[in-house]
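The next block holds one structure in the form of structure tokens; read it before the comments.
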Amino acid sequence: MTTTLAPRSVPYLALGGVWEQDDVAAAHQVIAAAAEPNGNFFPLPEEADFQKALAAHEGSAHAVAVNSCGTALDLCMIALGIGPGDEVIVPGLTFVCSAGTAAARGARIVFADVDPQTLCLDPKAVEAKITPKTKAIIPVHFAGHSADIAAFDAITKKHGIPVIYDAAHAVGTKFRGQPIGGAGLASCYSFQSNKNMTTLGEGGAITSNDPEFSEKVRGLKTFGYVYGAKLRVTQIGYNYRMTKPQAATGITQLAKIDRVIADRLANYRKFLAELGDVPAITLPAGIDADHGCHLFVVRIDTDALKTTRDAFVKHLKDAWQVGTAIHYPAVWSWEAFAGVDYDNSATPVTHKACEQVVSLPLFPSSTAEDIAYTAQALRETVKHFSA
């Protein structure tokens, strides 16, 4: 489509979902109750209610609420006994904690390549990187697109290697019509502020169909406590708990997540229609009812345009006031990984994608005018670098 719209500003928002009066009321109710005589923030019935609702929504038998996706991944690494001498396979195109939590335990990080269409971890590339030292695989449901769960199930069956999914982008995502929360050994979710739902800006959860693993991480997140007729401490643990107000807002946020994703999907489809005729832009694949619609990530053909991604997004911002985000620089490009033992060989798709990916501003609140204007800005920016 070709559109000409008056100048406007289209920022990249810090809040990825919607925050409404029922969320405010839920948090207020908890705080008000604590302010009463003899009030406090314990016990936590909201946590149990949130975990039950999340497990049901995500198709898992168990859910364990924690304070971030990073701590969820960390707990999984601890529960698996990951340590020095072990190898953990991850994608390089992801947030740093997907690999960082395993590196923090002393493991060698083995980066396998991503699929060029979905940008999710490529199961064939993973198989090529498996060694006797491989102790876990961490696929990422990138941008809300499910990784190939069937293929990773086959890898686990063949090699006996547990799969821990990084589902930070994937609340509400499905694989072949089924929720992804029961896949692999566990899935780790994020409810940080830019995700499709948030628990007061931070938060996370682990879902699993494995009762023993679920109880292990549940104990680890609360100093190793096991609650019952007699309080026991059965393992050395941590304080990775979600707070009472967070759990309360998690319940209200989860109640509207399907609406949020539906609104995002409708906007994604508008964007796809607007951008269909723009050259040098690769649009995201697999945008359908299974997609969690967290990020709208395009790839800029920097070779054809003879420019860099950074120059492209700077022009979008300076000339058109369109905000963007980068999801993500390659994990190994961060300073912290200068001292980490890793292998990033045979990852050409990841190397190139990390130089080209751009997340466009697309949210439940995006208007048709915002979408058309952003498409116009991309079209004109491509022309600018094609001249």
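The values are calculated or read from the model by the stated rules, or taken from the named source; none is laboratory data. Keep in mind the model is a prediction, meaning the values are calculated, not measured. Positions of Cβ are generated from backbone atoms using ideal geometry, with glycine treated the same way; all protein chains shown enter the neighbour counts. Accessible surface areas use protein heavy atoms only, side chains included; no ligands, DNA or RNA. Shrake-Rupley method; radii C 1.70, N 1.55, O 1.52, S 1.80 Å.
Peptide packing: for 242-253, 325-336, 283-294, the average count of neighbouring Cβ atoms within 10 Å per residue gives the ranking 242-253, 283-294, 325-336, highest mean first. Remark: the stretch 143-297 carries 39 Å² of accessible area per residue (probe radius 1.4 Å; ligands, DNA and RNA excluded). Within the accessible area of the chain, the carbon and sulfur atoms contribute 57%, probe 1.4 Å, all protein chains present. For the chain, modelled as a Gaussian network with Cα springs under 10 Å, which listed residue fluctuates most, H28, H145, H62? Looking only at H28, H145, H62, the largest GNM fluctuation is found for H28.
Within the straight-line cut-off of under 16 Å between alpha carbons, the aspartates and glutamates reachable from K306 are E355, E380, sequence neighbours fewer than 8 places apart in one chain being disregarded.
By the gyration tensor of its Cα atoms, with a ≥ b ≥ c the square roots of the eigenvalues, what is the shape of the stretch 1-128: rounded for a/c under 1.5, prolate for a/b over b/c, or oblate? It is oblate, given that a/c is not under 1.5 and a/b is not larger than b/c. Rounded to the nearest whole Hz, the Karplus-based 3J(HN,Hα) values (6.51 cos²θ - 1.76 cosθ + 1.60, θ = phi - 60°) of the stretch 109-118 follow the sequence 8, 10, 8, 9, 6, 9, 5, x, 8, 8, with x at glycine and proline.
Here the chain carries DSSP beta bridges of which approximately 55% are antiparallel, counting only pairs with both residues inside. Taken along the Cα-to-beta-carbon direction at a fixed 7 Å, the label points for A35 and Y12 span 3.8 nm.
Protection proxy ranking for 90-102, 156-168, 340-352, using the average of other Cβ atoms within 10 Å per residue and placing the highest first: 90-102, 156-168, 340-352.
Largest GNM mean-square fluctuation across K133, K52, K256, computed for the chain with C-alpha springs under 10 Å, falls on K133.
Going down the table (K174/K221; K135/K157; K270/K317; K195/K317; K52/K256), which pairs top 18 Å between alpha carbons? Listed pairs above 18 Å: K174/K221; K270/K317; K195/K317. List the residue ranges in the chain for DSSP H helices whose C-alpha atoms run 18 angstrom or more along the long axis and whose Kyte-Doolittle average is -0.5 or above. Both cut-offs are met by 21-35, 244-275, 368-386.
Within the shell defined by Cβ-Cβ distances under 15 Å, the residues around K129 carry a net charge of -3, with Lys and Arg each +1 and Asp and Glu each -1.
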